[in-house]
Amino acid sequence: MTLDIKDRLIEIVREAARLMEGASFEITSKEGYANIVTSTDVAVQEYLCKHLKELLPGSGFLCEEDDIEEVDELTTLQGVQECRSAGVQTLPSEVTNALEPQNLKTSKPKQYTWIIDPIDGTANFARGIDQCAICVGLGVLEEKEFSSGVQECRSVGVQTSPSCSSNSLTETTNSSTTSNSDFPSFGGVRGGFPATIILGIVYIPRTNELFYAERGKGAFRNGKQIHVSDRPFANGILCTALPVYHKEYAPLCSKIILEAFTQCNDIRRFGACAPELCYLAMGRCEMYFEYLLSPWDFAAASLILTEAGGVIADLNGNAPTYLHPSGIVAANNKENLDRMLGIVNS
């Protein structure tokens, strides 16, 4: 399927950004002072979802401030992967009816899914700091992968998977995000959302910087093509952050950051993943590390980075996944990525 939607998507994102203007908004705490949501986050997300549904009818959504919508077969594939890993043949009775024919919303899989962070850097936005961005990524999954997941799931007696929502991405002890045993293990899909990000937009309204990329067509900032720098690790700037939502892991992350600092030029901390990955994409910095991010934090920006010649991985050095929390390491080239991964896992 050929999608010719980039120009309209850019218009929708710019229109949504108007909701970020002005100083009047309400702040609600999700979990303590660090994890907040503003009324503007919600308004921007509602605007995006409304218009993206019209732009691409039948698509699904994975958003920070809401649950996944209309991705039934995707959750089935999650169930297959989790069942295989845990040796489970059936799932709890309260979720065993979702794949019955009468309960499926459509006869075809949701091939396209929007991954949205209405405001990446909400704390920055709430305090008037420039680094806050609207992030929209579009993931595509081949229909045969959906079908395979459904068939395999039914063959072992599984009717559906547990619900997938932004609120259910919680800590477990059944899987590991990184080979470093000091890091926590986080649940979710083993192997993640088996999608390819084909379109990504990150818009920073306060600096009027709009980054976008289409797979195979390069990355751009305000219409001009961008590329990563060629600086070596020793002259590189590392963008990073301490784990504000899991401060118990601050000592471990601090150790990693300190070791990287002794080997690179300097460190920056802007407080928002997507702008930092876009800065890497255009050569303002050379490396990136954060121990735990949600998919909406990096999905759109990951394509912008790779289309600009950069590289990105989870903490094990594997391709990032897009349905559960993941640590992220990125760099302007593979040599610097491998060096940063070595520091993380040492």
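Does at least one position in region 263-273 carry a residue that is of a type in the set (Gly, Ala, Ser), open to solvent by less than 70 Å² (accessible area, probe 1.4 Å) and closer than 22 Å to residue 342 by Cα?
no
Residue under question is residue 265, and the condition is that it be at pLDDT 95 or above, out of contact with any Gly (no Cβ under 7 Å at 6 or more places or on another chain) and either within 30 Å of residue 59 (Cα to Cα) or not acidic (Asp, Glu) (or both); does it hold?
no
Consider residue 259 carefully, then state whether it is touching a residue at least 40 places away in the same chain (Cβ under 8 Å), in contact with a strand residue (DSSP E or B) (Cβ under 9 Å, 6 or more places away or on another chain) and open to solvent by 10 Å² or more (accessible area, probe 1.4 Å).
Answer is no for this residue.
This table checks each residue for (1) surrounded by 19 or more Cβ atoms within 10 Å (Cβ to Cβ); (2) modelled with pLDDT of 50 or more; (3) within 28 Å of residue 245 (Cα to Cα).
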residue: 52; (1), (2), (3): yes, yes, no
residue: 60; (1), (2), (3): yes, yes, yes
residue: 77; (1), (2), (3): yes, no, no
residue: 84; (1), (2), (3): no, no, no
residue: 88; (1), (2), (3): no, no, no
residue: 113; (1), (2), (3): yes, yes, yes
residue: 121; (1), (2), (3): yes, yes, yes
residue: 134; (1), (2), (3): yes, yes, yes
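Here is a list of conditions, (1) outside any strand (DSSP E or B); (2) at pLDDT below 95, and residue 292 meets all of them except one; can you say which number that is?
Going through (1) outside any strand (DSSP E or B); (2) at pLDDT below 95 one by one, residue 292 breaks only (1).
Could you check region 181-221 and list, in sequence order, the residues that are among the basic types (Lys, Arg) and at pLDDT 95 or above?
206, 215, 217, 221
Please list, ordered by first then second residue, the pairs with beta carbon atoms under 6 Å, 6 or more apart or interchain, first in region 200-215 and at negative phi, second at pLDDT below 95 and part of a loop (DSSP other than H, G, I, E, B).
none
Considering only region 242-265, I want to know if a residue exists there that is in contact with a Phe, Trp or Tyr (Cβ under 8 Å, 6 or more places away or on another chain) and in a strand (DSSP E or B).
Taking every residue of region 242-265 in turn, none turns out to be in contact with a Phe, Trp or Tyr (Cβ under 8 Å, 6 or more places away or on another chain) and in a strand (DSSP E or B).
Would you be able to tell me the number of residues in region 96-111 that are part of a helix (DSSP H, G or I) and either modelled with pLDDT of 50 or more or of a type in the set (Asp, Glu) (or both)?
The total comes to 0.
Please work out which residue is farthest from residue 214 (Cα to Cα), limiting yourself to region 13-27 and to residues that are free of Cβ contacts under 8 Å to residues at least 60 places away in the same chain and open to solvent by less than 80 Å² (accessible area, probe 1.4 Å).
Only one residue fits best here, namely 22.
Of the conditions (1) without any contact (Cβ under 8 Å) to a residue 24 or more places away in the chain; (2) at positive phi, residue 271 fails just one. Which one is it?
The one condition residue 271 does not meet is (1).
The values are calculated or read from the model by the stated rules, or taken from the named source; none is laboratory data. Bear in mind the structure is a predicted one, so any value in this text is a computation, not a measurement. When we count neighbours, we look across all protein chains shown, and the Cβ atoms used for this are built from the backbone with ideal geometry, even at glycine. All accessible areas refer to the heavy atoms of the entire protein, side chains included, with ligands and DNA or RNA removed. Shrake-Rupley method; radii C 1.70, N 1.55, O 1.52, S 1.80 Å.
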